[in-house]
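The values are calculated or read from the model by the stated rules, or taken from the named source; none is laboratory data. Predicted model, so just to flag it, every value in this text is computed and none were measured. All Cβ positions, even for glycine, are placed from backbone atoms using ideal geometry, and neighbour counts span all protein chains on display.
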Amino acid sequence: GSADSPQFTKRVLKAITKERLAEAQATGLKLCVDLSMTDCMSDKEISRLAGQLRRLYGSNKKAARPFHLLLTELREDSRLYRECVRMNAGFLNYVMDITEESCLDLFPTETLVYLSPDAEEALETVDADKVYVLGGLVDESIQKKLSFSRARELSVRTARLPIDEYMVKRDNAKNFHSKVLAVNQ
């Protein structure tokens, strides 16, 4: 009867979303979250990162053109993996790639663009042939330039999001590090 039609639409929407994400895995812009730096994070920071990954997935699901998301260097025996499973119902069914390999193992170095607030070059356009890498890092103490150093260590091109160019600055003493975005922003 008509009583179960809302459920039906919900199911259909879910199927459509899954299909769009599957399509993004085949043809979408690639976005890697480099999770190699989680060892230096506290449990609280790990928990916040798991929450940001959930929100990143949620935003990606709703995006008009979703990314092909890859979580790299995520080991099943890691604190972050366990926290993601604990915090995110359905984490194991997320339509994205989870791998213990690094982005360097998966893609040619020249295709990688490591997004870092410390990079000189502003990312003005995105290129379908490039693989964009985010440093998966929640660092309460803001150890300066961690993602930038990581990219240098990997000899990978860096770019920063053009926040200076496009965002209205609000003077706020507390917000001095506003160029450092959460993983899901």
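Of all the residues that make up segment 64-92, how many are in contact with a Gly (Cβ under 9 Å, 6 or more places away or on another chain), under 27 Å from Thr27 (Cα atoms) and of a type outside the set (Phe, Trp, Tyr)?
Qualifying residue count for the region: 9.
Go through (1) surrounded by 15 or more Cβ atoms within 10 Å (Cβ to Cβ); (2) at pLDDT 90 or above; (3) in a loop (DSSP other than H, G, I, E, B) and name the single condition Pro117 misses.
Only one criterion is unmet by Pro117, namely (2).
Of these, Asp77, Asp43, Asp105, Asp97, which one is more than 16 Å from the chain's Cα centre (by Cα) and either closer than 25 Å to Ala128 by Cβ or among the aromatic types (Phe, Trp, Tyr) (or both)?
After applying the criteria, what remains is Asp105.
Residue pairs, Cβ under 6 Å, 6 or more apart or interchain, first in segment 84-100 and free of Cβ contacts under 8 Å to residues at least 60 places away in the same chain, second part of a loop (DSSP other than H, G, I, E, B) and of a type in the set (Lys, Arg). List them.
Glu100/Arg75
Is it true that some residue in segment 37-45 is modelled with pLDDT of 90 or more and within 28 Å of Thr111 (Cα to Cα)?
The answer is no; no qualifying residue exists.
Here is a list of conditions, (1) hydrophobic (A, V, I, L, M, F, W, C); (2) crowded, with 19+ Cβ neighbours inside 10 Å; (3) at pLDDT below 95, and Met87 meets all of them except one; can you say which number that is?
Among (1) hydrophobic (A, V, I, L, M, F, W, C); (2) crowded, with 19+ Cβ neighbours inside 10 Å; (3) at pLDDT below 95, Met87 violates only (2).
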